[in-house]
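Trainee: Handing you a structure now.
The values are calculated or read from the model by the stated rules, or taken from the named source; none is laboratory data. This structure is a prediction, so every number in the text was calculated from the model and none was measured. Here Cβ is always computed from backbone atoms with ideal geometry, including for glycine, and neighbour counts include all displayed protein chains. The accessibility values were calculated without ligands, DNA or RNA, using every heavy atom of the protein model including side chains. Shrake-Rupley method; radii C 1.70, N 1.55, O 1.52, S 1.80 Å.
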Amino acid sequence: MRALPMAVSRGAVACATPAAAAAAVPRRSMLLSTAAAGAALQSDPIRLMSTPKLKLRASAGAAQAAATSFSSNDEAFTWAKKDNRRLLHVVYRVGDIDKTIKFYTECLGMKLLRKRDIPEEKYTNAFLGYGPEETNFAIELTYNYGVDSYDVGAGFGHFGIATDDVAKTVELIRAKGGKVTREPGPVKGGKTVIAFIEDPDGYKFEILERPGTPEPLCQVMLRVGDLDRAISFYEKACGMKLLRKRDNPEYKYTVAMMGYGPEDQNAVLELTYNYGVTEYDKGNAYAQIAIGTDDVYKTAEVVKLSRGKVVREAGPLPGLGTKITAILDPDGWKSVFVDNIDFAKELE
């Protein structure tokens with residue numbers, strides 16, 4: 001289920017608060033779940049220990065990074081667009097993971113793909129979606145022991161779920177006790193039928209009518225303070241395509257759909273700019289999007305050439321060996337790039 005031709009309630013943020021340094025917390029999934037770490041939120045979710053073995057790894061990584069240098073910025077940006085990339089999963093924190101899993105499976109029709117508890121680090125992970133992680137976009141939930149609520153913030157917008165029948169889906173959600181915040185009906189200024197609901201933690205989901213889509217979990221919407229700047233960053237640093245852009249002066253917002261393939265076939269990132277709002281409080285609930293790549297070292301170099309911020313240098317995760325790099329966009333939203341081969345091994 002893919003991103004809709006238009007979403008509603010894009011702006012609907014009466015006042016934006018200064019951007020709070022939203023937390024990214026210790027590494028969390030089998031792969032790179034950097035979602036949370038108890039109540040104390042960290043600025044860098046992955047901490048490297050200073051052991052001889054890790055120093056050797058770091059040296060090897062530095063040597064590989066040096067060997068990936070591009071001869072020009074154009075060569076780097078061209079490589080990023082040709083790299084084998086797709087959105088893997090979105091990571092965020094919840095206060096009651098079993099309650100959330102029940103809501104997503106019973107009300108939204110998702111499947112629990114895998115779940116694991118790590119008592120020594122005091123967290124639990126669960127992956128949910130509409131198809132196998134090898135091919136489909138997924139949700140990664142993180143529950144940190146003893147933390148029962150998070151601040152979703154004003155910057156996070158919503159997740160998109162495409163369905164054959166919005167009205168029936170909304171009635172099922174209502175029957176299960178779900179909160180419907182926007183009844184089914186055409187999107188403002190368009191014909192696509194949509195509705196809005198909230199999950200137990202207050203995350204908003206846009207339910208949109210799009211029959212037959214291969215990817216029901218179709219979008220992640222984030223608010224940005226400068227849309228053109230954000231588009232340029234995701235095109236150059238992340239190798240995404242601008243799929244479409246639409247200005248809505250009547251409602252004072254502009255949206256841009258960014259991704260690695262058509263909206264009706266792939267999950268996309270929806271960026272929303274509300275007129276006059278340049279900063280948002282990001283809260284501490286939403287964590288990041290994970291993106292697959294054939295080379296995390298080259299990816300990190302491209303990000304730096306794009307004047308982006310690399311918050312976790314490219315290299316293998318201690319104990320796992322999965323190679324990743326973590327970056328921030330100009331608005332402080334985080335993305336983690338994961339080596340495609342390593343990710344496939346994680347799922348075996």
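Trainee: If a residue has to be open to solvent by less than 10 Å² (accessible area, probe 1.4 Å) and part of a loop (DSSP other than H, G, I, E, B) to count, how many in segment 295-311 make the cut?
Mentor: Adding up the residues that qualify gives 0.
Trainee: Now, a different point. Among the residues of segment 167-209, write down those that are among the charged types (D, E, K, R), within 24 Å of the chain's Cα centre (by Cα) and part of a strand (DSSP E or B).
Mentor: Selection gives Lys179, Arg182, Glu198, Lys204, Glu206, Glu209.
Trainee: Can you tell me which of Gly321, Gly292 is open to solvent by 20 Å² or more (accessible area, probe 1.4 Å) and closer than 24 Å to Ser69 by Cα?
Mentor: Among Gly321, Gly292, only Gly321 is open to solvent by 20 Å² or more (accessible area, probe 1.4 Å) and closer than 24 Å to Ser69 by Cα.
Trainee: How many of the residues in segment 85-142 are assigned to a strand (DSSP E or B) and open to solvent by 10 Å² or more (accessible area, probe 1.4 Å)?
Mentor: Total meeting the criteria: 11.
Trainee: Can you spot a residue in segment 267-287 that is in a loop (DSSP other than H, G, I, E, B) and closer than 30 Å to Pro211 by Cβ?
Mentor: yes
Trainee: Taking Tyr251, is it part of a strand (DSSP E or B), open to solvent by 50 Å² or more (accessible area, probe 1.4 Å), farther than 28 Å from Leu347 by Cα and in contact (Cβ under 8 Å) with a residue 12 or more places away in the chain?
Mentor: So Tyr251 does not fit the description; no.
Trainee: Can you spot a residue in segment 312-329 that is within 17 Å of Tyr234 (Cβ to Cβ), assigned to a strand (DSSP E or B) and among the basic types (Lys, Arg)?
Mentor: no
Trainee: Still on this model: Going by the structure shown, is Glu235 at pLDDT 95 or above, charged (D, E, K, R) and assigned to a helix (DSSP H, G or I)?
Mentor: Answer is yes for this residue.
Trainee: Given the conditions (1) surrounded by 13 or more Cβ atoms within 10 Å (Cβ to Cβ); (2) assigned to a loop (DSSP other than H, G, I, E, B); (3) modelled with pLDDT under 95, which single one is not true for Ser69?
Mentor: (1)
Trainee: Hey, among Asp201, Asp281, Asp264, Asp228, which residue is farther than 28 Å from Asn125 by Cα, at pLDDT 95 or above and surrounded by fewer than 22 Cβ atoms within 10 Å (Cβ to Cβ)?
Mentor: Asp228
Trainee: Which residue is modelled with the lowest pLDDT, if the candidates are limited to segment 143-173 and must be of a type in the set (A, V, I, L, M) and buried (at least 17 other Cβ atoms within 10 Å of the Cβ)?
Mentor: Ile173
Trainee: Out of curiosity, is Lys334 touching an Asp or Glu at 6+ places or on another chain (Cβ under 8 Å), charged (D, E, K, R) and closer than 26 Å to Asn136 by Cβ?
Mentor: When the stated conditions are applied, Lys334 does not pass them.
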